[in-house]
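Scroll down for the structure; my scribbles are underneath it.
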Amino acid sequence: MSSPAYNFAYLDEQTKRMVRRALLKAIAIPGYQVPFASREMPMPYGWGTGGVQVTAAIIGPADVLKVIDQGSDDTTNAVSIRKFFVKTAGVAATTATEDATIIQTRHRIPERALGEHQVLVYQVPIPEPLRFLEPRETETRRMHALAEYGLMHVKLYEDIAKFGHIATAYDYPVKVNDRYVMDPSPTPKFDNPKMDNCAAIQLFGAGTEKRIYAIPPYTKVVSLDFEDHPFVPYRFNAPCELCGSEDSYLDEIVTDDKGGRMFVCSDSDYCEGRQAAGHTGSLISAPYKERAARG
Amino acid sequence: MANQNLRENDEPLLIADDLSKSFGKIIACQDVSFKLYPGEILAIVGESGSGKSTLLQILSGQQSSGQGRVSYRMRDGVTRDLSTLGEAERRFLFRTDWGYVRQDPAQGLRMAVSAGANVGERLMAVGWNHYGRIRAAASSWLERVEIDVARIDDTPRTYSGGMRQRLQIARNLVTQPRLVFMDEPTGGLDVSVQARLLDVLRNLVRELHLAVVIVTHDLAVARLLSDRLLVMKGGQVIETGLTDQVLDDPAEHYTQLLVSSILSP
């Protein structure tokens, strides 16, 4: 009874082989949703079970894992998944983007450019970009097969008709390798350009929906748009108040009930790295002061 | 040019050849053959259950026929058997060169998206990628079917039944199809709304030189719109001919019954 009740990285080897076969197929057909036999994981659906299964299938003892949730390394989801793999696979964990070989993410792509030695694993809630326009899965599959993507533009048209501009801010549809329209999971559209021609492998796992898809390294990824309403990445027009960054994606944080708010980098590792390098924002000492005042 | 047009119009657009279809023991249609020429309007009339709608679905490739075949002259002038088309080709044909107007507009429209997007969808599907141009095309089509352009951003849910039906027609005609199938387009509308719809339809059909196959149980609609009539009963075509001729001087007993059952005020 000395051996643990579970295998390396939790999943049994047969399951990992099944997931790897789906991954290979997904990489061979960029943007195509490959069905796979998603397993029950020891965490609830919606917590990233798809991403966890993909990570479990590709992780090895020498890998260094980073997990982020909305760009941050220390939210519940990120901490839980990191602990899970440290415990079940005994791998090293890190919060530094450049040190990681596998980065599992929910809702963000790190600010620092990824390299060829890295794999980015996305947790995907709804893999089907056409879902809310065409509820029939049989029909959407056929539309993907025949590359009938007029409907995707209907959504963008509706945005412009209602708001005067393409108001879709996350889940912004992309076309991969000039063929499949793909849902980039709920990352902000700010991150869409980072997917294009990316050096790292990008893998997407949707546990509830039982789908895996992928973007191989250096693949063309284009955000859909209209000629007269081109794709524009969105970010709050402010510098990060902790590190002063002018080009990172920002979180808006409400600080009191009188309309006070601050903008800080969503990518916590990037922000800390800049602060360590001596960059400061306008409010760098504010959180600490507040803590001191509260006693 | 005129000569060429003449020759164009001499060749049939759609050929139904000996179509039969049965569901188990029930015969939906049997040995139906006809030719439809460009710009011609053919009405299929008969009581419910006579196989009209099944025939329309077979003609438009939405259902396979048990026997016989449907051929269509494509835009390049080649007449092809529809069953030999691949699925991609058939679907492309369906959303460019053909239209299909359903009885219930909720089935033919996307009820949750605006009227403009409903009309623009087919254009976007064939690669239009300029918002301004798509919107301009949608506006001009709304005008043509007599819908107030100010309602372009409203969803069809907020439209009346007659407006929905006219919107469905605009949505189908935006790619300038050559052939339109209509399944009881005036069913469920009250009489004055029907009249307006028929008026719009009649003008558009002549203006655009559309070929139409229209299924209806309403002989008045057939009289107003169609050039030729096909009377069906129990899955069989029992009488065909020019509309006025069939309605004024019906030969078959059943057709006589049908004509005489119309109430005239």
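The values are calculated or read from the model by the stated rules, or taken from the named source; none is laboratory data. Keep in mind it's a predicted model, so treat the numbers as computed, not measured. With ideal geometry, Cβ positions are generated from the backbone for all residues, glycine too; neighbour counts draw on all protein chains shown.
List of remarks:
- Restricting B:R135, B:R178, B:R166, B:R144 to residues that are of a type in the set (K, R) and within 14 Å of chain A (Cβ to nearest Cβ) narrows the list to B:R135.
- Some residue of the stretch A:152-172 being β-branched (V, I, T) and within 19 Å of A:Q104 (Cα to Cα): no
- Any strands (runs of 3 or more DSSP E) falling wholly within the stretch B:50-135 and containing at least 2 residues that are of a type in the set (D, E, K, R) and farther than 24 Å from A:G164 by Cβ: B:67-73, B:79-81
- Among the candidates A:D228, A:D178, the residue that is surrounded by fewer than 18 Cβ atoms within 10 Å (Cβ to Cβ) and within 13 Å of chain B (Cβ to nearest Cβ) is uniquely A:D228.
- Single match in B:G51, B:G46 (criterion: modelled with pLDDT under 90 and farther than 22 Å from B:D81 by Cβ): B:G46
- For the stretch A:152-173, a residue qualifies if it is surrounded by 23 or more Cβ atoms within 10 Å (Cβ to Cβ) and away from chain B (no Cβ under 12 Å), and exactly one does: A:Y172.
- Residue in the stretch B:138-159 that is closer than 30 Å to A:R179 by Cα, touching a helix residue (DSSP H, G or I) at 6+ places or on another chain (Cβ under 7 Å) and buried (at least 20 other Cβ atoms within 10 Å of the Cβ) present: yes
- Scanning the stretch B:34-49 for residues that are farther than 12 Å from B:H217 by Cβ and either assigned to a loop (DSSP other than H, G, I, E, B) or not charged (D, E, K, R) (or both) yields B:F34, B:L36, B:Y37, B:P38, B:G39, B:E40, B:I41, B:L42.
- Counting only helices (runs of 4 or more DSSP H) wholly contained in the stretch B:151-265, no element carries 3 or more residues that are closer than 22 Å to B:A28 by Cβ and β-branched (V, I, T).
- Candidate set: the stretch B:87-122, residues that are surrounded by fewer than 20 Cβ atoms within 10 Å (Cβ to Cβ) and hydrophobic (A, V, I, L, M, F, W, C); chosen: the one nearest to the other protein chains (Cβ to nearest Cβ): B:A88
- Yes/no for B:S83 being over 25 Å from B:L208 (Cα atoms), more than 14 Å from chain A (Cβ to nearest Cβ) and in contact with a Ser or Thr (Cβ under 8 Å, 6 or more places away or on another chain): yes
- Residue that is nearest to the chain's Cα centre (by Cα) [pool: residues in the stretch B:147-163 that are away from chain A (no Cβ under 12 Å) and hydrophobic (A, V, I, L, M, F, W, C)]: B:M163
Table: residues versus (1) modelled with pLDDT under 95; (2) within 24 Å of B:A43 (Cβ to Cβ); (3) more than 17 Å from the chain's Cα centre (by Cα).
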| position | (1), (2), (3) |
| --- | --- |
| B:T84 | yes, no, yes |
| B:Q107 | yes, yes, no |
| B:W128 | yes, no, yes |
| B:R166 | yes, yes, no |
| B:D190 | yes, yes, yes |
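- Single match in A:L120, A:L130 (criterion: crowded, with 21+ Cβ neighbours inside 10 Å and within 14 Å of another protein chain (Cβ to nearest Cβ)): A:L130
- Candidate set from the stretch B:60-73 (those that are over 17 Å from the mean Cα position of the chain (by Cα) and surrounded by 15 or more Cβ atoms within 10 Å (Cβ to Cβ)); member that is farthest from A:M143 (Cα to Cα): B:G68
- Selection from the stretch A:203-215 of residues that are crowded, with 17+ Cβ neighbours inside 10 Å and either part of a loop (DSSP other than H, G, I, E, B) or within 14 Å of chain B (Cβ to nearest Cβ) (or both): A:G207, A:E209, A:K210
- Scan of the stretch B:136-150 for residues that are in a loop (DSSP other than H, G, I, E, B) and in contact (Cβ under 8 Å) with a residue 24 or more places away in the chain, ordered by number: B:V145, B:E146, B:I147
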